[in-house]
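Asker: Got a structure here, written out as structure tokens. Questions coming.
The values are calculated or read from the model by the stated rules, or taken from the named source; none is laboratory data. None of these values were measured; they are calculated from a predicted model. Methodologically, a virtual Cβ is constructed for each residue, glycine included, from the backbone with ideal geometry; neighbour enumeration extends over all protein chains shown.
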Amino acid sequence: MSKTFLEHIKTRRTQYALGKELPGSQQEIVRLIQDAIKHTPSSFNSQSSRAVILFGKESEKFWSLTKEILRKIVPAENFASTDAKMNSFAAGAGTVLFFEDQNVVKGLQEKFPLYADAFPSFSVQSGGMAQFAVWTALAERGIGASLQHYTPLVDDMVQTEWHVPVSWKLYAQMPFGVHKGPFADKTFMDDNERFKVYA
């Protein structure tokens, strides 16, 4: 019997131990990521989310360049853990870079001035849903991933190296690959501290 949607959500976990193998071709993974983002809700159907998908050497290059940026600001005596983390991300099969197109946001602000202040927040919410959709879709295929945030440190580098439009604002990075280790234990706070139900 196939898993339910909630079971797939529970399958999605942070995975730092990644390998380069994938259960499918690059084209299949690209289509999976594209479909997940394409069918993610967005305010006014604005479709503001954008992605750059890096495989193999291109993904390794991203994490190598990120490492060198971090080397300039992380104290040398503390850099070993940063180096290990960058290497673990580079060990994966690829990386998804998630963006929100600010030209779309500005266009909505001009078209619907009554909601102008809300559209940046709407865009961020849509982007978060796109990240979650991709992460869950990868997990459903047995692909491990984690969500990273090295903006704004890497923004200029990404724009230069991968010719990203200036209007694309980088929000997150998702290294992915085959699982090479177990998940860490995950605990949950008491439901009574998180939820209120009235009937």
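Asker: For region 47-63, name all the residues that are buried (at least 18 other Cβ atoms within 10 Å of the Cβ) and of a type in the set (Gly, Ala, Ser).
Answerer: Once the filter is applied, which keeps residues that are buried (at least 18 other Cβ atoms within 10 Å of the Cβ) and of a type in the set (Gly, Ala, Ser), region 47-63 yields Ser48, Ser49, Ala51, Ser59.
Asker: Determine which single condition Thr187 fails, assuming it passes every other condition in (1) under 13 Å from the mean Cα position of the chain (by Cα); (2) of a type in the set (Val, Ile, Thr); (3) surrounded by fewer than 19 Cβ atoms within 10 Å (Cβ to Cβ).
Answerer: For Thr187, the exception is condition (1).
Asker: Inside region 162-183, can you point out the residues that are farther than 15 Å from Gly94 by Cβ and surrounded by 10 or more Cβ atoms within 10 Å (Cβ to Cβ)?
Answerer: Val164, Pro165, Ser167, Trp168, Lys169, Leu170, Tyr171, Gly181, Phe183
Asker: Follow-up. Go through region 153-191 and give me each residue that's under 30 Å from Asn103 (Cα atoms), out of contact with any strand residue (DSSP E or B) (no Cβ under 9 Å at 6 or more places or on another chain) and free of Cβ contacts under 8 Å to residues at least 24 places away in the same chain.
Answerer: Result: Asp156, Thr160, His163, Val166.
Table: residues versus (1) under 20 Å from the mean Cα position of the chain (by Cα); (2) of a type in the set (A, V, I, L, M); (3) farther than 13 Å from Leu138 by Cβ; (4) part of a loop (DSSP other than H, G, I, E, B).
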| position | (1), (2), (3), (4) |
| --- | --- |
| Ile9 | yes, yes, no, no |
| Glu28 | yes, no, no, no |
| Asp35 | yes, no, no, no |
| Thr40 | yes, no, yes, yes |
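Asker: Condition first: of a type in the set (S, T, N, Q) and either buried (at least 18 other Cβ atoms within 10 Å of the Cβ) or touching a helix residue (DSSP H, G or I) at 6+ places or on another chain (Cβ under 8 Å) (or both). Now tell me which residues in region 103-124 satisfy that.
Answerer: Gln109, Ser123
Asker: Taking into account only those residues within region 135-162 that are in a helix (DSSP H, G or I) and of a type in the set (S, T, N, Q), which is farthest from the chain's Cα centre (by Cα)?
Answerer: So, considering only residues that are in a helix (DSSP H, G or I) and of a type in the set (S, T, N, Q), the one farthest from the chain's Cα centre (by Cα) is Thr160.
Asker: Is one or more of the residues making up region 115-134 modelled with pLDDT under 95, part of a helix (DSSP H, G or I) and out of contact with any Gly (no Cβ under 7 Å at 6 or more places or on another chain)?
Answerer: yes
Asker: If Asn78 passes every condition in (1) in contact (Cβ under 8 Å) with a residue 24 or more places away in the chain; (2) outside any loop (DSSP other than H, G, I, E, B) but one, which one does it miss?
Answerer: (1)
Asker: Check Thr40, Thr14, Thr66 and return the single one that is under 22 Å from Gly177 (Cβ atoms) and either crowded, with 16+ Cβ neighbours inside 10 Å or in contact with an Asp or Glu (Cβ under 8 Å, 6 or more places away or on another chain) (or both).
Answerer: Thr66
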